[in-house]
Amino acid sequence: MTDCIFCKIANGEFNTPFVYETDDLVAFKDINPKADTHILVVPKKHFDSLKELDDEVLLGKLLSGVKQTAKKLGLDSYKTVINTGKEAGQEVFHLHIHILSGNIKGV
Ligand code: 5GP
Ligand code: ZN
């Protein structure tokens with residue numbers, strides 16, 4: 001999507017440093033961290049939310065991306081969050097998985 005901030009980040013348009021990347025996803029720091037470590041795992045392909053994702057293989061790859069990102073960062077204990085829909089607190093309508101670790105303030 002042309003007007004989507006996470007599409008632009010995933011395309012490298014802002015030179016955002018990726019803490020982890022595969023052919024299907026990128027992981028980068030949240031701009032407004034709610035924990036000592038707060039990372040977003042984002043598919044390169046646009047989906048508004050989890051509701052729109054019907055590719056189970058990609059779903060598995062995203063969770064694997066969470067694991068690999070946490071491993072790379074040496075996180076022993078972490079929380080994963082997916083907000084789906086406005087009332088659930090979703091603000092960016094490009095599917096993303098939060099990884100939070102250390103002094104978690106809540107998402
Ligand atoms: P949501 O509430 O949609 O689950 O989470 C969106 C998250 O994206 C928020 O934690 C917010 O801080 C983060 N965010 C919003 N815009 C940007 C941005 O331009 N860059 C980065 N790195 N994070 C962003
Ligand atoms: Zn997008």
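Computed quantities for the displayed model
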read-out	value
Contour minus Cα-Cα distance for Val92 and Asp48 (0.36 nm per residue)	15.0 nm
Potential extension, Phe14-Val57 segment - 0.36 nm per residue separation minus Cα distance	12.7 nm
Charge dipole (debye, nearest 20) of the chain; +1 at Cβ of Lys and Arg, -1 at Cβ of Asp and Glu	380 debye
Cα gyration tensor shape for segment 3-103, rounded if a/c is under 1.5, else prolate or oblate	rounded
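Here, each number is a calculation from the coordinates, and none is a lab measurement. Everything numeric in this text was worked out from a predicted model, so none of it was measured. For neighbour counting, all protein chains shown are included, and Cβ atoms are generated from backbone atoms with ideal geometry for every residue, glycine included.
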